Structures are given as C-alpha cells and as structure tokens.
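Following: one structure in structure tokens, then a few remarks.
The values are calculated or read from the model by the stated rules, or taken from the named source; none is laboratory data. Source: prediction; values computed, not measured. A quick note on method: Cβ atoms are made from the backbone with ideal geometry, for glycine too, and the neighbour counts reach across all protein chains shown.
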Amino acid sequence: MTEAEEGASTILVPRRSASPYLRVIELDGIAHLNGQLPYLDGAVPYAGTVGGGVSAEEAEECARLCALNVLGVIQQELGGLERVRQVLRITGYVACVPGFDGLPAVMDAASAIFVEHLGERGRHARTAIGVAALPRNSPVEIEVTVALHSAERAG
Amino acid sequence: MTEAEEGASTILVPRRSASPYLRVIELDGIAHLNGQLPYLDGAVPYAGTVGGGVSAEEAEECARLCALNVLGVIQQELGGLERVRQVLRITGYVACVPGFDGLPAVMDAASAIFVEHLGERGRHARTAIGVAALPRNSPVEIEVTVALHSAERAG
Amino acid sequence: MTEAEEGASTILVPRRSASPYLRVIELDGIAHLNGQLPYLDGAVPYAGTVGGGVSAEEAEECARLCALNVLGVIQQELGGLERVRQVLRITGYVACVPGFDGLPAVMDAASAIFVEHLGERGRHARTAIGVAALPRNSPVEIEVTVALHSAERAG
C-alpha cells in the first residue's frame, strides 16, 4: 500500500486478501463493496472507540482513509474511477461511546474525499451510525454502493 | 416544517440543508435516501438512548417522525408519493442500552406509516438494529431505499 | 422448523409470521430480505451480547443459523436456491461489548454457509458491525440482498 502524503488525498492501493468473501460484487452496473476499514500500509492506524481513547479528529482521519481505500478498490477491481457513474449510498459506522454527537463531522471527512475525486458523481445518500465495535477495533468502517458505466464505455 | 397534528399522520416538509451529500440519489428507478432523523419543526424532539432517558414510547414517536420525513423527502425531491412503486428496504437504527428488547415495536411504528400512506407499495423488507449513538443524539434513524415509477408515468 | 442435525448444514424452514412487513421484497430481479435472526425451532438459541454472556463460538453458531434461515426464506418465498443468481451483499450485525475484536470470525461462519450451498453464486460483499442490541436479544442478525434469475428460467 502506498503511504498517503501529509495533507494530500492520495488514493490508496489496498492489499488483496484470501478472504472467503469478495472485495466487490459487480452485477448489472451496480458494484457492492465490502465494508472498508481505514487501512494504511496494511494496518488500521487507530484502535478503539471515539470518546474512549480515539479523538474525533483521529476518527475523521480514519474516515478519509476508508474512503481512499474504497477508491483504491474501484481502481484495482473495477477498472478505474472513470467507470464510476454515481456513488449511490454510503453507510458510515463509527465505533463510539453512547452520547457521542460528532458523527456527521466524522462522515463529512469521508464524503469530501468522494467529491474531491469524483465531483458530482461522488455525491451520495449517506447514513451515519455510532456502533459498539468494528473489525480490528477500527474506529470507522464504511459500506459503499456504486453505479458503474459499462466496462466498454470506460475503456 | 409543518407541525404534525396530535394523533394525525401528516407527512412532514423537511428543511433543505446545504450538506455536501444529497438527500436522495435517484438512478434507474431506484431512490436511495439519506438516513432520516425524526425532525419536527427543525429539531429532534428527544435526545439520548432508549433505556437511558428516552422511553420506548418516545422512540416510537421518533420512528413515526422519521417515516414522515422520508415521505416528505419523496414529495419534495421525487415528485410525489404517486411515484413510489415499492418501498424496498428499511434499516432502522435505534440508539439504546444493551439488552433493550423492544426494537421491533419501535420500528413497527415507522412501518405502519408507510403502509398507511402507500398501501401495499409501502410494505418492505426491514432490519432493526440497536446502536450506540446517532446524529444529533437522536434515538432513531431510518435508512430507506425505494423503487420508483418513471417521472413521465407519474406526471 | 426442522431441526438442524449436529454438524450438518441443513437449510432451515422458517415459520411465517403475520408481521406488517414482508419477509422478502422481490422486484426486477433483486430480492431484499428482512433482517434474519438465528431462529431454530421457533426460538433464538442464545440471548445477549458477545463478551457479556454469549461466547464467540455461540455467536458463530448463531451466524450459521441466520444464514440457514436466509436460505430457507429463499426456498419458501422465492422458489428455490436455483433462482439465486448471486448473493450481492450481507451486512452482519453482532451484539457485543465494546472492544470485541472477533467480528470477522463470527461472520465467516455465515459466509461459509452461502458458499457451501451456492458455490460461486454464494460469494458476496460483506460488512461486519458490532452493535448494542438486536431483536429478541439475539447475538446476531444478518441483512441480505440477492440477485435472482427470472422465475421462468428457474422453473
């Protein structure tokens, strides 16, 4: 995985795994992506819950990394960002203590990445949810569904 | 936003915001709506978790308000309820303490609104989830996906 | 409901209920299933949260039962497993204490059932989430979306 430069929004190159499930399912012009964690160089940079050891700013950084991993999966698995017709839906999960009221700000950090790299095609319907735990104790995970142009048109 | 009358189920008129994400994405006859909070007159009427300050009855009221805001978004953004072909899926999130076992009853209050206003077209697949926190400390948020008739047919 | 044999992966026959929502919505080749609980003989075999009374192994058993109920709904409501073109997305919710880091292993138990019974058609995009509570205090619930072949082709 390439390291993101300080302050830059560099699409990440997620590592492939041998998991029994797929990173993305594409069918009839819709791509369903696996829930994406904020991997950077093969590791999740923060562990725990927002309000219980992880700051809101660190969660925002994780949200950005999740989004950059999504874009990396689209590049690796779907043939490139030009295939994106429209990001349809993002459900953002933030591991947090009860009462944490900064969920929209955390997810805004992910939403901004999609608009930065995809413009209007990156705008999306969104839901932000505060949960008890996420895989690898990640503070953030995002689930994304994307409409695609046909591979021929993109090529 | 118009105030809902006591005991009536009046579709709400949600306020538009300048958020970076959209209230609804419509593509190829499917509308993906933003997660909807129980706004009434621009505010969420209860804050906190069910079992930790918010009663099950108050959560049911919130679920109804979420559903009425969904219908309001359909009216404002999609051209009216007559465009609804079928409500496909509702994922209902309830901020609650561990062990709260009234999730289906809370979400039944939302489901009933869709059936009241849309009949068979308002029936849907549903998932109810108890979570740690939601935006604005709302006790309830619902995520809805709807199949639409084409705008020509509805007009 | 038929009881699953020890060690076997027998598709379950879920009981029908008179709920106001549907067990599955099928439209234009996509089936949206209700959130599925780990019913066995009409009851959820474990109650509570993982890390708070329910073990990871018991949660894995629940995940398997959720998946077997999904397959049962497909058989009962959609005409049989041969209609499945592709499982598209599974969102797996596990009621757990904060810090539980075994979410992928729990959901792997569900994923394996789909691959066992459907082969490549059973592979899917997946998201695993740890939550505060689920209906009937179930430790696991899964939300599944499936692409279908037309009923004529399957018949």
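For segment B:92-109, the criterion of being over 26 Å from residue C:128 (Cα atoms), buried (at least 24 other Cβ atoms within 10 Å of the Cβ), aromatic (Phe, Trp, Tyr) and under 15 Å from the mean Cα position of the chain (by Cα) is met by no residue. Residues satisfying the criterion are present in segment B:127-147 (criterion: assigned to a loop (DSSP other than H, G, I, E, B) and at the interface with chain C (Cβ under 10 Å from one of its Cβ atoms)).
The listed residues are C:118, C:88, and the only one of them that is in contact with a strand residue (DSSP E or B) (Cβ under 9 Å, 6 or more places away or on another chain), buried (at least 18 other Cβ atoms within 10 Å of the Cβ) and part of a strand (DSSP E or B) turns out to be C:88. Under the condition of being out of contact with any strand residue (DSSP E or B) (no Cβ under 8 Å at 6 or more places or on another chain) and facing chain C (nearest Cβ under 10 Å), which residue from segment B:104-115 is farthest from residue C:137 (Cα to Cα)? Looking at residues that are out of contact with any strand residue (DSSP E or B) (no Cβ under 8 Å at 6 or more places or on another chain) and facing chain C (nearest Cβ under 10 Å), I get B:115. Does residue B:95 satisfy being at pLDDT 95 or above and in a helix (DSSP H, G or I)? The answer is no for residue B:95.
The condition (being farther than 26 Å from residue C:94 by Cβ, of a type outside the set (Val, Ile, Thr) and more than 10 Å from every other protein chain (Cβ to nearest Cβ)) is satisfied by just one residue among A:122, A:79: A:79. Condition test on residue A:48, is it under 25 Å from residue A:148 (Cβ atoms), surrounded by 14 or more Cβ atoms within 10 Å (Cβ to Cβ), in contact with a Pro (Cβ under 8 Å, 6 or more places away or on another chain) and at pLDDT 85 or above? No: the conditions fail for residue A:48. Can you find a residue that is within 20 Å of residue A:100 (Cα to Cα) and free of Cβ contacts under 8 Å to residues at least 12 places away in the same chain anywhere in segment B:46-62? Yes.
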